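I have placed the structure first, in the form of structure tokens, so that the comments after it can refer back to it.
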Amino acid sequence: MTAMHRNFPSGRTINRALVAGVALLALAACGGRERPEADLAASQVTTIGVNSYLWRAALETVSFAPLLQADSAGGVIVTDWYVNPANPGERVKMTVAILDQDLRADAVRVAASRQVAQAGTWVDAPVQAATVQRLEDIILTKARDLRRQAIAG
């Protein structure tokens, strides 16, 4: 190989550099500021730390139980134990977490604890997964309704 050939990159190196450059340009185009803008009512309504529609819907949904904690900046609602008068041998406690500023199905999580009375003491009992899922669905439905009302004016 002559000295002149050693100073120029091979065709294979040029092809790799070209492919890498094109890939970087394509990635840069994906991350640009060209995201579609949604209307204000659609997502980030956040004078608090989380989506206000989800927050209000969650508060309404668990309003039957006494609140221990309601942190709008962190998006956490914790209820105290609630005993249904129709079933005094059972009590429930819930924690609702709003995880995002957008109104999305995966932005709300509910955890529930259940206890039953046995021989004068409260004993932990399982909570059906369908119960937790149903609470999440109720919150999401209410949040969507609140959003629709806000858009309708």
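We did not get these values from a lab; they are worked out from the coordinates using the rules stated. Quantities reported herein were computed from a predicted structural model and do not represent experimental measurements. Glycine gets a Cβ as well: all are built from the backbone with ideal geometry, and neighbour counts include every protein chain shown.
Need one word for segment 61-149: rounded, prolate or oblate. Basis is the Cα gyration tensor (sqrt eigenvalues a ≥ b ≥ c); a/c below 1.5 gives rounded, then a/b vs b/c decides. Because a/c hits 1.5 or more and a/b exceeds b/c, segment 61-149 counts as prolate.
Placing pseudo-labels 7 Å out from each Cα toward the beta carbon at PHE64 and ASP80 gives an inter-label distance of 1.8 nm. Residue separation of LEU99 and GLN128 scaled by 0.36 nm, minus their Cα-Cα distance, works out to 8.2 nm of gained length.
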